[in-house]
Amino acid sequence: MFKSVTTVEQYIEHLTSKGFTLGEDALGFISFGQHYTSASDELVNVAVEITLKAQKEFDGSFFVSLLEIFSEKKVITRKAAIELAQLRNII
């Protein structure tokens, strides 16, 4: 989707420009998940992307679970996050 590291807000704007809008509940989960796991913008963005690819819609609990897995496995890059999701057959 969006290859360069951007802020979460920029990534959400990017999704909106592509016609995918996230509701207030989704934005709340994104904010909560980022603060709860202390995840970087890059990891939050890739977690949103993986969530949308795997679930075909935004699923807040799935998203937060992904961030928890990334934190637990000490994932810090987009590439590592994608690899972990593929390894676990999430995407």
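The numbers here are math on the coordinates, done by the rules we state, and not lab data. All figures in this text were calculated on a predicted structure; none of them were measured in a lab. Don't worry about glycine lacking a Cβ; one is built from the backbone with ideal geometry, like all the others, and counts go over all protein chains shown.
For the range 72-85, give me the residue count where each residue is more than 11 Å from the chain's Cα centre (by Cα) and in contact (Cβ under 8 Å) with a residue 12 or more places away in the chain.
Counting residues in the range 72-85 that are more than 11 Å from the chain's Cα centre (by Cα) and in contact (Cβ under 8 Å) with a residue 12 or more places away in the chain gives 5.
Quick one: which of Ser71, Ser40, Ser17 is surrounded by fewer than 15 Cβ atoms within 10 Å (Cβ to Cβ) and not β-branched (Val, Ile, Thr)?
None of the others qualify; the one that does is Ser17.
Pick out the one residue from Ile69, Ile50 that is assigned to a helix (DSSP H, G or I) and free of Cβ contacts under 8 Å to residues at least 24 places away in the same chain.
Every option except Ile69 fails the conditions.
Here is a check on your reading of the model: is Glu83 touching a helix residue (DSSP H, G or I) at 6+ places or on another chain (Cβ under 7 Å), surrounded by fewer than 19 Cβ atoms within 10 Å (Cβ to Cβ) and part of a helix (DSSP H, G or I)?
So Glu83 does not fit the description; no.
Just need a number here: residues in the range 25-47 that are part of a helix (DSSP H, G or I), touching a Phe, Trp or Tyr at 6+ places or on another chain (Cβ under 9 Å) and either without any contact (Cβ under 8 Å) to a residue 40 or more places away in the chain or over 19 Å from Glu13 (Cβ atoms) (or both).
The qualifying residues number 11.
In the range 10-43, how many are on the phi > 0 side of the Ramachandran plot and in contact with a helix residue (DSSP H, G or I) (Cβ under 9 Å, 6 or more places away or on another chain)?
Adding up the residues that qualify gives 1.
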